[in-house]
Amino acid sequence: MVESAVVVGAGLIGTSIALALGRHGVDVALSDRDPAALRLACDLGAGRALPEAPAAPADVAVIAVPPSVVPAALYDAQDRGLAHVYTDVASVKTSVITWAEALGCDLASYVPGHPMGGREKQGPGAARADLFLGRSWALCPTAKTDPTAVETVTRLAELCGADPLLVDEAAHDRAVALVSHAPHAVSAAVAARLLDGDATALALAGQGVRDMTRIAGGDPDLWVEILGHNAGPVAAVLERVAADLSAAAAALRSASPGGVGDLLERGRAGHARIPGKHGAHRTPDYAVLSVVIPDEPGALGRLFAAAAEAGVNVEDVRIDHSPGLPLGVAQLSVVPAAQERLARALTESGWSVHT
């Protein structure tokens, strides 16, 4: 059982964890070096401020601070006896574990962790209770970690709606280099090219480039730290990406655009390997309905309500905004068998539907 928790660090991740735990009745105490961030997180209902001398240890303490700060914050939390079990949320594990052990942290009560959820926005104001819903949550216990501590942190992840996954710390760092860290650097490289774009190019920017560069809006200082802690695995992935792009550029300059086909085919095959909804090994083929929605409060809520009245579950949604117009297009993904029924119901409700 997890009935009480301490969250050290009231940023995006820490506050989101606190909000998720609060939904399940967990008593959450928060701390942060920034009084304004702590006050905002508490005002959002994430928990109460951690007293200087807690009456009793919590069931679990979450260290939600940048990677370089985790070892010292963990040592301080353990020294104060804030909890029976400790975990962290840093996106790199090997260096953090090594530093924590060197600092003298108790590894028996410590379960290194990493929830695979985040946003390009930072701070408690961007926090969401459902941030980890359906996401993987890596747990990287060391040889010294007590099994009961692993059970506690596993329950913590489940309360946040995540799917706990036990993984070796080195394997974790290689994996996130491929699926998180290197993609962020690639996104930043594409976004950096937009600095060369003139007004015409930017006016023509569509959803593709917006999707590709969304994560480039993250905090550069934080990402310099993350990439530095996982430098070797990230560099290896970026070198292979750079080789693919160099080969594609060479093919295009040789007036042989067909030479890019291999990269495009491998890209499509790689994309198909990304697990889909509910962890399926392959994303199902959904039917997509395009629905014109006004850019006004409550419009998306009314659209979802209409779909619910039709008895159709919206499996996924994407919104394309129309620059300069008070309109947008909601792309609703549904199972093919429900496409016609939903289109008919929405049309009868006055929505402009396109299939």
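So here's what we get for this one:
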item	result
Selection count where residues are buried (at least 16 other Cβ atoms within 10 Å of the Cβ) and free of Cβ contacts under 8 Å to residues at least 60 places away in the same chain, scope region 166-177	3
Search result, residues across region 291-313 that are touching a residue at least 60 places away in the same chain (Cβ under 8 Å) and of a type in the set (G, A, S)	none
Positions within region 294-313 being at pLDDT 90 or above and not in a helix (DSSP H, G or I), in sequence order	A310, G311, V312, N313
Hits in region 29-45 - residues which are within 18 Å of A83 (Cα to Cα) and under 22 Å from the mean Cα position of the chain (by Cα)	L30, D32
Total residues in region 6-27, condition in contact with a strand residue (DSSP E or B) (Cβ under 9 Å, 6 or more places away or on another chain) and crowded, with 24+ Cβ neighbours inside 10 Å	12
Residues that are touching an Asp or Glu at 6+ places or on another chain (Cβ under 8 Å) and assigned to a helix (DSSP H, G or I), drawn from region 327-341	P336
Criterion violated by I97 - all others in (1) surrounded by 21 or more Cβ atoms within 10 Å (Cβ to Cβ); (2) β-branched (V, I, T); (3) touching a strand residue (DSSP E or B) at 6+ places or on another chain (Cβ under 8 Å) satisfied	(3)
Listing of helices (runs of 4 or more DSSP H) fully contained in region 133-247 that carry 2 or more residues being of a type in the set (S, T, N, Q) and closer than 28 Å to G14 by Cβ	147-159
Pairs, first basic (K, R) in region 10-27, second assigned to a loop (DSSP other than H, G, I, E, B), C-beta under 8 Å, six or more apart	R23/A129
Some residue of region 48-59 being crowded, with 22+ Cβ neighbours inside 10 Å, closer than 15 Å to V111 by Cβ and in contact with a strand residue (DSSP E or B) (Cβ under 7 Å, 6 or more places away or on another chain)	yes
Which listed residue, of A251, A272, A255, is on the phi > 0 side of the Ramachandran plot and either touching a Gly at 6+ places or on another chain (Cβ under 6 Å) or among the aliphatic types (A, V, I, L, M) (or both)	A255
Within region 201-216, considering residues that are of a type outside the set (A, V, I, L, M, F, W, C) and in contact with a Ser or Thr (Cβ under 9 Å, 6 or more places away or on another chain), the one nearest to V70 (Cα to Cα)	R214
Top-ranked residue of region 28-47 - restricted to ones that are surrounded by 15 or more Cβ atoms within 10 Å (Cβ to Cβ) and not aliphatic (A, V, I, L, M), ranked as nearest to N230 (Cα to Cα)	D32
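So that you can scan it fast, the table gives a plain yes or no per residue for (1) more than 17 Å from V8 (Cα to Cα); (2) of a type in the set (D, E); (3) under 15 Å from the mean Cα position of the chain (by Cα); (4) not assigned by TED's automatic domain parsing to the domain that holds R39:
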site: E52; (1), (2), (3), (4): no, yes, no, no
site: S68; (1), (2), (3), (4): no, no, no, no
site: A72; (1), (2), (3), (4): no, no, no, no
site: A77; (1), (2), (3), (4): no, no, no, no
site: A90; (1), (2), (3), (4): no, no, yes, no
site: I97; (1), (2), (3), (4): yes, no, no, no
site: A102; (1), (2), (3), (4): yes, no, no, no
site: G113; (1), (2), (3), (4): no, no, yes, no
site: M116; (1), (2), (3), (4): yes, no, yes, no
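The values are calculated or read from the model by the stated rules, or taken from the named source; none is laboratory data. Keep in mind the model is a prediction, meaning the values are calculated, not measured. Neighbour counts are summed over all protein chains in view; Cβ atoms, including those assigned to glycine, are modelled from backbone coordinates with ideal geometry.
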